[in-house]
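Here is the structure we will look at.
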């Protein structure tokens, strides 16, 4: 799959839009939960706590990926790490939607069946972290082959 500079920049813009929107909703859901969620059952509070924590942590991970992508922009030796970072971002976004999103929908709209998406989201989170590791390995291999000792 060929990734052009133009498509890279468009996808990075999508990552940033998703990152900003997810951060926005993390704050809103967190504020609502802190004030209006105190009357909810312990089970529901626990579910929302997990949804918020995973959403916020992975929103921050998307920020780190966006920064990393901009740092290595223009490095022709970084093609494989760049592709892997885009996969990682995709997995994180899918994880936020499937894991946190399904828990929100299950809680707010009482649609129990959507909770079946949570494991898909959890696996997406795990794959996203694995892609970051792979990007680091690829970047290290390129640097070692070029005689550089940096990540």
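The values are calculated or read from the model by the stated rules, or taken from the named source; none is laboratory data. Nothing here was measured: the structure is a model prediction, and the numbers come from that model. When we count neighbours, we look across all protein chains shown, and the Cβ atoms used for this are built from the backbone with ideal geometry, even at glycine.
Tabulated data for the structure shown
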{"read-out": "Boolean, residue 128 is surrounded by 13 or more Cβ atoms within 10 Å (Cβ to Cβ), touching a residue at least 40 places away in the same chain (Cβ under 8 Å) and either in contact with a helix residue (DSSP H, G or I) (Cβ under 9 Å, 6 or more places away or on another chain) or at negative phi (or both)", "value": "yes"}
{"read-out": "Any chance residue 135 is under 21 Å from residue 16 (Cβ atoms) and either at pLDDT below 90 or in contact with a strand residue (DSSP E or B) (Cβ under 7 Å, 6 or more places away or on another chain) (or both)", "value": "yes"}
{"read-out": "Residues of the stretch 115-125 that turn out to be surrounded by fewer than 17 Cβ atoms within 10 Å (Cβ to Cβ) and over 14 Å from the mean Cα position of the chain (by Cα), as a count", "value": "3"}
{"read-out": "Residue check, residue 110 at positive phi and modelled with pLDDT under 95", "value": "yes"}
{"read-out": "Only listed residue being over 24 Å from residue 118 (Cα atoms), touching a helix residue (DSSP H, G or I) at 6+ places or on another chain (Cβ under 7 Å) and crowded, with 20+ Cβ neighbours inside 10 Å, chosen from 85, 48, 69", "value": "69"}
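Quick grid of which residues meet (1) outside any helix (DSSP H, G or I); (2) free of Cβ contacts under 8 Å to residues at least 24 places away in the same chain; (3) over 22 Å from residue 132 (Cβ atoms):
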position: 31; (1), (2), (3): no, yes, yes
position: 36; (1), (2), (3): no, yes, yes
position: 56; (1), (2), (3): no, no, no
position: 64; (1), (2), (3): no, yes, no
position: 70; (1), (2), (3): no, no, no
position: 83; (1), (2), (3): no, no, no
position: 88; (1), (2), (3): no, no, no
position: 92; (1), (2), (3): no, no, no
position: 96; (1), (2), (3): no, no, no
